[in-house]
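Trainee: What follows is a single structure, and I will ask about it in a moment.
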Amino acid sequence: MAPPALPVRLLPARPSWLKPSVLRVEALSGLVVALALIPEAIAFSIIAGVDPQVGLFASFTMAVTIAFVGGRPAMISAATGAIALVVAPLAREHGVEYLVAAVILGGLLQIALAVAGVARLMRFLPRSVMVGFVNALAILIFTSQLPYLVNVPSTVYVLLAVGLALLVGLPRLTRAVPGPLAAIVALTAFTVAAGVVVPTVGDQGELPDSLPVLGFPAVPLTLETLQLVAPFALAIALVGLIESLMTAKLVDDITDTHSDKTRESWGQGVANVVTGFFGGMGGCAMIGQTMINVKVGGARTRVSTFLAGVFLLVLVVAVGQVVALIPMAALVGVMIMVAVGTFDWHSVKPATLRMMPRSETTVMLSTVVVTVGTHNLAYGVGVGVLTAMVLFARRVAHLVEVTSVLDPDAGTRVYRVTGQLFFASSNDLVYQFRYATDPENVVIDLSEAHVWDASTVAALDAVTTKYEARGITVTIVGMNSNSRDRHDRLAGRLTDAH
């Protein structure tokens with residue numbers, strides 16, 4: 001008799017990101033992102049009024065932390081212009097220590113907002129706001145590169161043209177090497193070998209030569225300090241969450257995958273707290289670098305985000321002298337191609353604009369105009385959502401109809417109300433009835449309507465009061481359970497009887 005077969009022990013499947021082919025894509029994409037992060041972080045540090053190493057260290061700690069705790073794989077978080085604009089007044093008037101304190105408190109507020117379910121509000125963002133957000137980001141990415149092309153040697157334009165040619169042409173020949181990395185290496189090698197003098201990364205600011213140090217901001221732990229930093233912390237939390245969640249949704253659409261927005265929300269908070277304790281200026285998701293990572297580099301996992309942060313630190317600390325030689329023209333070319341790839345060109349085609357309702361186009365344009373005008377994505381998204389709400393309310397308000405019929409005995413008139421009754425549609429409801437000529441009994445049929453708010457209940461109260469003043473009996477019928485509960489709870493209680 002044969003011995004019983006021993007159970008076969010199956011080894012756990014190797015994670016997909018450990019496959020050499022995937023790891024190569026993630027590593028190369030992370031390297032390109034790291035190179036693009038350096039001048040951006042330096043520029044944002046200047047905007048915030050702090051030393052360049054504050055922005056560079058923030059980009060490192062944000063990227064590495066969010067790689068573990070974030071909810072959207074392959075998304076890049078680092079020091080951003082939106083956060084820099086928020087914290088600039090605090091850093092200018094009170095110093096970097098108070099800025100760091102605001103970043104830590106802002107991170108804690110983001111964690112609290114995540115627990116409260118702020119990510120669920122993303123469902124209220126219309127598609128037209130999202131399109132406006134994407135187009136505005138593309139415009140901001142492009143315009144942010146223009147200062148590097150003003151008052152520069154003519155050689156810069158030649159290098160930029162060559163870089164753009166490489167970025168467009170190389171992917172058509174081979175994808176073994178990312179176009180951005182090839183362009184950066186080629187232009188750097190040429191300028192160094194030929195001794196060409198053009199603006200470089202090193203001209204943007206001094207790169208750090210040491211690692212970030214863990215510490216606590218040197219501010220007094222008093223109520224006065226809290227009152228000072230709290231408004232800035234709240235702005236950091238809100239701006240950071242809006243930009244991060246919008247970027248996460250954009251990456252979801254590009255990759256046809258779903259991300260955990262709640263995890264991303266508290267992950268951003270954790271990353272900002274960590275960044276603050278390492279003396280960074282805080283940050284959030286970066287649309288430009290994320291597009292480099294996802295669309296250009298083809299990255300899809302957390303490895304690229306983690307390596308982008310690690311490469312950034314290695315590049316600025318260990319080989320900063322080499323990185324300083326990279327011509328800005330190479331990085332400008334990369335960012336211009338990112339802007340072109342990010343813009344939703346289909347949304348501005350004449351055929352699309354003719355087909356799209358004017359309200360949708362208005363929402364998209366308002367988002368773009370405000371975002372570009374203020375350089376603040378939170379303002380643009382806020383105005384876009386508000387515009388969408390107003391136009392939607394206006395459109396729905398016109399769908400309410402009131403029709404009437406007199407019964408055969410001429411003793412009762414029945415009014416049938418159809419549509420959604422809320423503040424915008426119910427304000428004119430009181431003028432839809434014939435108070436002077438109606439018989440002694442009036443029935444208001446709401447079986448095809450829905451009562452949404454107190455404004456509608458107040459309008460129905462006004463109608464009833466006008467009829468009763470003429471000795472006419474009013475009966476309201478047909479309300480669904482939700483409308484009935486709201487009406488019974490509020491009817492007759494919305495005005496002072498005296």
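Trainee: Are there any GluC sites (Glu not before Pro) in the range 201-282 that are in a DSSP loop and have at most 13 other Cβ atoms within 10 Å? List them by number.
Mentor: Loop-located and lightly packed - Glu206.
Trainee: Would you grab the residues whose amide H sits under 5 Å from the one on Met286? Only those 5+ places off in sequence or on another chain, please, with H modelled 1.01 Å from N.
Mentor: Ile76, Ser77, Ala78
Trainee: May I ask for the longest run of the chain untouched by trypsin sites (Lys or Arg not before Pro) that are loop-located per DSSP and have at most 15 neighbouring C-beta atoms (other than their own) within 10 Å?
Mentor: That would be 176-433.
Trainee: Please list, in chain and number order, the residues 5+ apart from Ala449 or on another chain whose amide H is under 5 Å from its amide H, with Hs placed from the backbone.
Mentor: Distant-sequence amide H within range of Ala449: Gly419.
Trainee: If I ignore ligands, DNA and RNA and count only protein heavy atoms, how much of Trp452 is accessible to a 1.4 Å probe, in Å² to the nearest 10?
Mentor: Trp452 exposes around 130 Å² with every protein chain in place.
Trainee: Turning to a different aspect of this structure: Heavy-atom accessible area of Tyr157 with all protein chains present, probe 1.4 Å, nearest 10 Å²?
Mentor: Answer for Tyr157: close to 100 Å² accessible.
Trainee: Continuing with this model, one more query. For Phe306, Phe433, give the ranking by accessible area with the largest first, probe 1.4 Å.
Mentor: Descending accessible area places them as Phe306, Phe433.
Trainee: While we're here: Accessible area of the chain with a 1.4 Å probe: how many percent of it is carbon plus sulfur?
Mentor: Percent of accessible area from carbon and sulfur atoms in the chain: 65.
Trainee: Please list the three semi-axes, largest first and in whole Å, of the ellipsoid equivalent to the chain, using sqrt of 5 times the eigenvalues of its alpha carbon gyration tensor.
Mentor: Square roots of five times the eigenvalues give 55, 26, 26 Å.
Trainee: Still on this structure, I have one more. Under 20 Å from the Cα of Lys349, which lysines turn up, not counting those fewer than eight places away in the same chain?
Mentor: Output for Lys349: empty list, no partners.
Trainee: If Val196, Val323 are ordered by their accessible area, calculated over protein heavy atoms with a 1.4 Å probe, which sequence runs from highest to lowest?
Mentor: Solvent-accessible surface, decreasing: Val196, Val323.
Trainee: So, taking all protein chains as they sit and a 1.4 Å probe, how much accessible area belongs to Ile242, in Å² rounded to tens?
Mentor: My reading of the accessible area for Ile242 is about 60 Å².
Trainee: If you don't mind, there's one more thing I want to ask. Probe of 1.4 angstrom, ligands and nucleic acids ignored: what's the accessible area per residue over the chain, in square angstrom?
Mentor: In whole numbers, the chain has 48 Å² accessible per residue.
Trainee: Follow-up. Does the range 142-182 come out rounded, prolate or oblate, given a ≥ b ≥ c as the square roots of the eigenvalues of its C-alpha gyration tensor, rounded meaning a/c under 1.5 and, failing that, prolate meaning a/b above b/c? It would help to have the intermediate numbers written out before the result.
Mentor: Working: a/c = 3.43, a/b = 2.19, b/c = 1.57.
Cα axes put the range 142-182 in the prolate bin.
Trainee: Suppose accessible area is computed on protein heavy atoms with a 1.4 Å probe; arrange Phe142, Phe392, Phe311, Phe57 from highest to lowest. Intermediate results must be reported in sequence, preceding the final value.
Mentor: Working: Phe142 85, Phe392 115, Phe311 60, Phe57 15 Å².
Largest accessible area first, the residues go Phe392, Phe142, Phe311, Phe57.
Trainee: With contacts defined as alpha carbon pairs under 8 Å and 6 or more residues apart, what's the relative contact order of the chain in percent?
Mentor: Reported as a whole number, the value is 24 percent.
Trainee: Report the relative contact order of the range 189-284, percent, no decimals, based on alpha-carbon pairs under 8 angstrom and at least 6 residues apart.
Mentor: 34
Trainee: Give the lysines whose C-alpha is closer than 16 Å to that of Lys295, dropping any in the same chain fewer than 8 places away, or say none.
Mentor: Leaving aside lysines fewer than 8 places away in the same chain, those within reach of Lys295 are Lys249.
Trainee: Let me check against my output: what whole-number percent is the relative contact order of the range 393-498, with C-alpha pairs under 8 Å and at least 6 apart?
Mentor: It rounds to 26 percent for the range 393-498.
Trainee: Can I ask one more? Hey, which lysines would be in cross-link range of Lys466, C-alpha to C-alpha under 16 Å, not counting anything within fewer than 8 residues on its own chain?
Mentor: none
The values are calculated or read from the model by the stated rules, or taken from the named source; none is laboratory data. Since we're looking at a predicted model, the values are computed, not measured. All Cβ positions, even for glycine, are placed from backbone atoms using ideal geometry, and neighbour counts span all protein chains on display. Protein only, heavy atoms only, side chains kept; ligands, DNA and RNA dropped before computing areas. Shrake-Rupley method; radii C 1.70, N 1.55, O 1.52, S 1.80 Å.
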